[in-house]
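Working notes, beginning with the structure itself.
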Amino acid sequence: MQPLTITLSHAASAFRLEIANASQSPVRIWSAEFSLGYDSVYFRVSAHDGRECFIRRKPAIWSANVPEFVSIQPGRNHALRIDVNDGTWVLKHCRIEPRTKIEIAAVLEIPDDEISKELAVTTGRYESNNLEFGSIDEIVNRDGGGVNDG
(Lines give C-alpha, C1' and ligand atoms only; values in the text may rest on other atoms or scores of the structure.)
Protein backbone atom coordinates (compact mmCIF):
# COMPACT_ATOMS: atom_id res chain seq x y z
CA MET A 1 0.00 0.00 0.00
CA GLN A 2 1.28 3.46 -0.85
CA PRO A 3 1.52 5.66 2.24
CA LEU A 4 0.03 8.74 0.58
CA THR A 5 -3.01 9.55 -1.52
CA ILE A 6 -3.53 12.97 -3.04
CA THR A 7 -6.78 14.59 -4.10
CA LEU A 8 -7.09 17.69 -6.26
CA SER A 9 -10.04 20.09 -6.34
CA HIS A 10 -10.52 23.58 -7.79
CA ALA A 11 -12.51 26.56 -6.52
CA ALA A 12 -12.22 30.33 -6.39
CA SER A 13 -9.40 30.47 -8.97
CA ALA A 14 -7.13 28.16 -6.98
CA PHE A 15 -6.43 24.48 -6.56
CA ARG A 16 -6.70 22.64 -3.28
CA LEU A 17 -4.38 19.68 -2.92
CA GLU A 18 -5.05 17.30 -0.04
CA ILE A 19 -2.24 14.93 0.83
CA ALA A 20 -3.63 12.14 2.98
CA ASN A 21 -1.70 9.63 5.05
CA ALA A 22 -3.18 6.25 4.13
CA SER A 23 -0.69 4.30 6.26
CA GLN A 24 -0.76 3.21 9.89
CA SER A 25 2.28 5.32 10.83
CA PRO A 26 3.09 9.03 10.70
CA VAL A 27 4.68 10.16 7.42
CA ARG A 28 6.82 13.15 6.55
CA ILE A 29 6.86 15.18 3.36
CA TRP A 30 9.05 18.15 2.53
CA SER A 31 7.50 21.55 3.25
CA ALA A 32 6.78 23.44 0.02
CA GLU A 33 7.96 26.64 1.71
CA PHE A 34 11.62 25.61 1.69
CA SER A 35 14.11 24.50 -0.94
CA LEU A 36 13.80 20.71 -0.58
CA GLY A 37 10.04 20.71 -1.13
CA TYR A 38 9.64 23.85 -3.22
CA ASP A 39 9.26 22.02 -6.53
CA SER A 40 7.96 18.69 -5.20
CA VAL A 41 4.42 19.54 -6.37
CA TYR A 42 3.68 20.22 -10.02
CA PHE A 43 0.81 19.75 -12.49
CA ARG A 44 0.43 17.45 -15.49
CA VAL A 45 -1.89 18.93 -18.13
CA SER A 46 -3.28 16.57 -20.77
CA ALA A 47 -5.14 17.92 -23.78
CA HIS A 48 -7.89 15.81 -25.29
CA ASP A 49 -5.95 15.88 -28.57
CA GLY A 50 -3.12 13.91 -26.91
CA ARG A 51 -0.67 16.71 -26.13
CA GLU A 52 0.75 17.00 -22.63
CA CYS A 53 2.60 19.71 -20.72
CA PHE A 54 3.65 20.47 -17.17
CA ILE A 55 3.16 23.47 -14.91
CA ARG A 56 6.07 23.80 -12.47
CA ARG A 57 7.25 26.42 -10.04
CA LYS A 58 9.81 28.98 -11.18
CA PRO A 59 13.34 28.35 -10.01
CA ALA A 60 14.13 30.16 -6.76
CA ILE A 61 17.41 31.32 -5.27
CA TRP A 62 17.92 29.99 -1.77
CA SER A 63 20.36 31.36 0.79
CA ALA A 64 20.01 28.24 2.96
CA ASN A 65 18.91 24.66 2.43
CA VAL A 66 16.48 24.18 5.34
CA PRO A 67 15.35 20.54 5.68
CA GLU A 68 11.84 21.45 6.85
CA PHE A 69 9.19 18.75 6.68
CA VAL A 70 5.49 18.37 7.46
CA SER A 71 4.39 15.38 9.56
CA ILE A 72 1.03 13.83 8.67
CA GLN A 73 -0.49 11.51 11.24
CA PRO A 74 -2.27 8.27 10.20
CA GLY A 75 -5.70 8.96 8.73
CA ARG A 76 -5.04 12.73 8.61
CA ASN A 77 -4.25 15.05 5.73
CA HIS A 78 -2.26 18.13 4.86
CA ALA A 79 -3.90 20.65 2.53
CA LEU A 80 -2.20 23.09 0.17
CA ARG A 81 -3.89 26.00 -1.60
CA ILE A 82 -2.17 26.56 -4.95
CA ASP A 83 -2.82 29.54 -7.21
CA VAL A 84 -0.94 28.93 -10.47
CA ASN A 85 -1.45 32.61 -11.34
CA ASP A 86 0.42 33.96 -8.28
CA GLY A 87 3.64 34.59 -10.22
CA THR A 88 5.60 31.63 -8.82
CA TRP A 89 4.60 29.17 -11.55
CA VAL A 90 5.95 28.84 -15.12
CA LEU A 91 2.92 28.69 -17.38
CA LYS A 92 4.44 29.48 -20.77
CA HIS A 93 5.26 25.84 -21.53
CA CYS A 94 1.59 24.90 -21.74
CA ARG A 95 0.92 25.94 -25.30
CA ILE A 96 -2.45 24.29 -25.68
CA GLU A 97 -5.06 25.82 -27.97
CA PRO A 98 -7.55 27.86 -25.93
CA ARG A 99 -10.61 25.84 -27.03
CA THR A 100 -9.08 22.42 -26.36
CA LYS A 101 -10.52 20.44 -23.45
CA ILE A 102 -7.93 19.49 -20.86
CA GLU A 103 -7.45 17.34 -17.80
CA ILE A 104 -5.10 18.40 -15.03
CA ALA A 105 -3.62 16.31 -12.24
CA ALA A 106 -1.29 17.26 -9.41
CA VAL A 107 1.91 15.31 -8.91
CA LEU A 108 3.82 15.05 -5.64
CA GLU A 109 7.33 13.78 -6.29
CA ILE A 110 9.96 13.40 -3.58
CA PRO A 111 13.30 11.90 -4.63
CA ASP A 112 14.85 9.03 -2.72
CA ASP A 113 18.08 10.73 -1.73
CA GLU A 114 20.40 10.80 1.28
CA ILE A 115 18.72 13.67 3.11
CA SER A 116 15.26 12.12 2.65
CA LYS A 117 16.58 8.86 4.06
CA GLU A 118 18.36 10.60 6.94
CA LEU A 119 15.21 12.48 8.03
CA ALA A 120 12.78 9.63 7.20
CA VAL A 121 10.87 11.68 4.63
CA THR A 122 8.47 9.64 2.50
CA THR A 123 9.68 9.38 -1.09
CA GLY A 124 8.07 8.44 -4.37
CA ARG A 125 5.76 9.82 -7.04
CA TYR A 126 2.07 10.28 -6.26
CA GLU A 127 -0.51 11.53 -8.73
CA SER A 128 -3.93 12.94 -7.96
CA ASN A 129 -7.26 12.49 -9.63
CA ASN A 130 -7.82 14.35 -12.92
CA LEU A 131 -9.93 17.49 -13.11
CA GLU A 132 -11.50 18.34 -16.45
CA PHE A 133 -11.72 21.88 -17.84
CA GLY A 134 -13.14 23.26 -21.07
CA SER A 135 -9.79 24.90 -21.85
CA ILE A 136 -6.46 25.90 -20.33
CA ASP A 137 -7.81 29.44 -20.08
CA GLU A 138 -10.13 28.32 -17.28
CA ILE A 139 -7.12 27.92 -15.00
CA VAL A 140 -4.49 30.22 -16.53
CA ASN A 141 -4.93 33.97 -16.29
CA ARG A 142 -3.26 35.01 -19.52
CA ASP A 143 -3.42 38.73 -18.66
CA GLY A 144 -1.14 38.75 -15.63
CA GLY A 145 -0.60 35.25 -14.36
CA GLY A 146 2.92 34.77 -15.60
CA VAL A 147 2.30 33.10 -18.96
CA ASN A 148 5.17 35.04 -20.47
CA ASP A 149 7.28 34.86 -17.32
CA GLY A 150 10.02 32.43 -16.40
Checklist entry - In the range 15-115, with Lys and Arg counted as +1 and Asp and Glu as -1 at Cβ, which of these residues, Gly50, Gly37, Ile110, has the Cα nearest the positive end of the dipole, that is, farthest along it? => result Gly50
Checklist outcome for this item: On the accessible surface of the chain, probed at 1.4 Å with all protein chains in place, carbon and sulfur together account for a percent value of 46
Checklist outcome for this item: Spelling it out for Lys58: with amide H atoms placed in the peptide plane at 1.01 Å from N, the residues 5 or more places away or on another chain with amide H under 5 Å from its amide H are Trp89, Val90
Item to check | Size-normalised alpha-carbon gyration radius of the chain, reference 2.2 N^0.38 Å | outcome: 1.07
Checklist outcome for this item: Along the range 53-58, Karplus-curve 3J(HN,Hα) (6.51, -1.76, 1.60; θ = phi - 60°) to the nearest Hz, with x for Gly and Pro, reads 8, 10, 10, 10, 6, 5
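The values are calculated or read from the model by the stated rules, or taken from the named source; none is laboratory data. The model shown is predicted, which means the values in this text are computed figures rather than measured ones. Reconstructed Cβ throughout: ideal geometry from the backbone, glycine too, with neighbour counts over all protein chains shown. The area values use the complete protein model at the heavy-atom level, side chains included, leaving out ligands, DNA and RNA. Shrake-Rupley method; radii C 1.70, N 1.55, O 1.52, S 1.80 Å.
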